[in-house]
1. Where the label is 7 Å out from Cα toward Cβ, how close does B:GLU111 come to the same position in every other copy, in nm, shortest first?
2. Using the structure shown, select from B:LYS9/B:LYS243; A:LYS297/B:LYS138; A:LYS180/A:LYS208; B:LYS6/B:LYS200; B:LYS4/B:LYS179 the pairs with a Cα to Cα distance greater than 22 angstrom.
3. For segment B:207-215, in order, what is each residue's ³J(HN,Hα) by Karplus, 6.51 cos²θ - 1.76 cosθ + 1.60 with θ = phi - 60°, in whole Hz (x at glycine and Pro)?
4. Report the Stokes-Einstein translational diffusion coefficient (µm² s⁻¹, integer) for segment A:164-262, Rh taken as the Kirkwood radius over Cα pairs, at 20 °C with viscosity 1.002 mPa s.
5. How many percent of DSSP beta bridges within chain A run antiparallel, rounded to 5?
6. Work out, step by step, the length gained on full extension between B:ARG368 and B:SER118: first 0.36 nm times the residue separation, then minus their alpha carbon distance; give nm to one decimal.
7. First select every other residue whose beta carbon is under 11 angstrom from the beta carbon of B:VAL190; then total the charges, Lys and Arg +1, Asp and Glu -1.
8. Just how large is the dipole of the protein assembly as shown about the Cα centre, in debye to the nearest 20, putting +1 at every Lys and Arg Cβ and -1 at every Asp and Glu Cβ?
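Bear in mind these aren't lab numbers, they're just calculated from the coordinates by the rules spelled out. Only a predicted model underlies this, so the values are computations on that prediction, with no experimental measurement involved. Note that we place each Cβ from the backbone using ideal geometry, even for glycine, and neighbour counts take in every protein chain shown.
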Number of protein chains: 2
Amino acid sequence: MDLKFKVIKEEKNTNARLGTFETKWGTHKTPMFMPVGTQATVKTLSPEELKDAHADIILANTYHLWLRPGEDVVDYAGGLHEFMNYKTGPILTDCGGYQVFSLAKPKDISEEGVKFKSHIDGKELLLTPEKSIEIQNKLGSDIIMSFDECPPYPVTHEYMKNSVERTLRWAKRSMDANKKRDTQAQFGIVQGGEFEDLRKFSAIETSKLDFDGYSVGGVSVGEDADTKLKMIEYATKYLPKDKIRYLMGVGEPIDLIDGVIRGIDIFDCVSPTRLARHGNALTLDGRTNLRNARFIKDLTPIEEECDCYTCKNFTKSYIRHLLVSEESFGQRLISIHNIRFLTRLMEDIRTHIEKDDLLEFREEFVKRYNKKSDKN
Amino acid sequence: MDLKFKVIKEEKNTNARLGTFETKWGTHKTPMFMPVGTQATVKTLSPEELKDAHADIILANTYHLWLRPGEDVVDYAGGLHEFMNYKTGPILTDCGGYQVFSLAKPKDISEEGVKFKSHIDGKELLLTPEKSIEIQNKLGSDIIMSFDECPPYPVTHEYMKNSVERTLRWAKRSMDANKKRDTQAQFGIVQGGEFEDLRKFSAIETSKLDFDGYSVGGVSVGEDADTKLKMIEYATKYLPKDKIRYLMGVGEPIDLIDGVIRGIDIFDCVSPTRLARHGNALTLDGRTNLRNARFIKDLTPIEEECDCYTCKNFTKSYIRHLLVSEESFGQRLISIHNIRFLTRLMEDIRTHIEKDDLLEFREEFVKRYNKKSDKN
């Protein structure tokens, strides 16, 4: 499915760009951030709350939904949108590769695919490019991902070269397996670790397959900050300018700005909801742990300037009480705020691409964000 | 505070009555059911969701809020309504007695009050009638409860007699301690276990203190069904007709109907949210455990005839998936339904008091409810 991606404007001083793409749900603005609904639910939140937090698109995990409830159950319901009653925006599904490698511990990687044990019941399973696409076809998401290997970090150049070549062969098989290209757009994935030649090879060769967009994978897997930025640069440099570029699994605020500066259009990360589970709120003054005793009588919202439901209605004092009392409404309130924080950040980023002062925006943002951040 | 309680109509064939009372939040119809917000939150739900589920009043627990966050924190926020941002209806606080006796295991009951250990940190604390009222004054609820002893079941007539007499002395002290009677209505509590003479004594003597309403306590503490009904009858028989009668801690659907038949106006129970945590939904066809495998592909709502957010938007298949995947959104969806089920039941009860056919309604309800109920 052609997403009709358009670059509306390129920022003067960086590789950042403003864009739009289309799905049956409407026109979507990039750069954008996708909250993650791992198990067909963005943890603790309703579809209406996601809309109110300006989440324009969400991600769901193929691996998790394959295991539970099973793609046939979702298909029987009429696809993920119907199953979740999420009717306000598109859903992207990942390919399952990352989870197979991180959660399930693969037993055996072969040309055919990956053998692994389910993290739920230990059952031995095989995920192949064809199977991943078949599951995603049944899940009925708007954008599906090709199946890739997500190698650990670091690995040798030789290991990565073999892996990237196999991922390319898997990309071709994934493309051939997609029976619903007319209704489900498909992205290819660029791997190659920290090796420029392999990122270049992966980007150029994957692009030849003419996907509807391209992901940069294998970032934020343990590498240092400089390496992370290089990985992104090595990939985006060789990707076509007229296709969406999606940086997978990255959600730290500063990383989002840095990704956009390097030409990324879409991001996803579990961070807003995961941070919330641990009581951490994202603010312009850095990450704040609301369990902290200093908030006991703090009658101000998480952020005075935030327009989210949480900040308009609840105090830090109350949210702290909910966290300390282990009431899940606390996680819910912080999740709403954290998602809105990131969608608001993307709005700001878009504004500053428009104004050609994204680097100045970055400088100001980083200065304030890093000043008082509770790192925990 | 005078609640301006009015009996609008008495049902012809039972002791059931339709009534209204007033608070600064509006006019409230009885019989009514109160969801419980133990720790200043009705578990998993927002204030808006409570309103949508037609919850007209909620209960908060003095014991829990005393321990966490502390009544001074709530007072500093401007009271419970401000603290929770609950602005759509009244809040009733209990006296803490039940929790002290059930959760904290009292160390020592004396004329002064009850010494016990906090269930959170084991700290030794003393709760007296004066302290309970002081806390409730600071919590700023619309209706507060006098401090009572809630004896275990069964106890001897002698034990209960001493306890009831002490609870009466505590009621007087509670009344004297209330510094905010002009803004906070106060209820007395009738105890006496299964002994008619003691219920009678407690009801008549407590009534003499001229509270704004009267609770029936010590019900649903382990007694059989017949004894439960007798306990209610023994108490309501001797309570003034022109004051609200509140049956504490009872929430089983059939018990609500039976309580109303015996002249009860208000009920509270944690059951709708507690059942939800275990995956149990209340339906006209009985309690249904939505984790059951038979719901895997069930694309119908919990109840076709229900008007709640959950039933209008989500299938049993999806809710089952959320429960099995341990996603708290599932508990939230069932909590909304269960509360709406009980508020809808109270609406039906009010309709049938109006029509003087409450006994026929009870018969039909029980027949259907008990037919297919999953008891688990």
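1. Values, ascending and in nm: 9.4.
2. Where the Cα-Cα span goes over 22 Å, the pairs concerned are B:LYS6/B:LYS200.
3. 4, 4, 7, 6, 6, 7, x, 9, 9
4. 156 µm²/s
5. Counting DSSP beta bridges with both partners in chain A, the antiparallel share is about 45 percent.
6. 85.7 nm
7. With Lys, Arg at +1 and Asp, Glu at -1, the net is +2.
8. Charge dipole of the protein assembly as shown: 360 debye, to the nearest 20.
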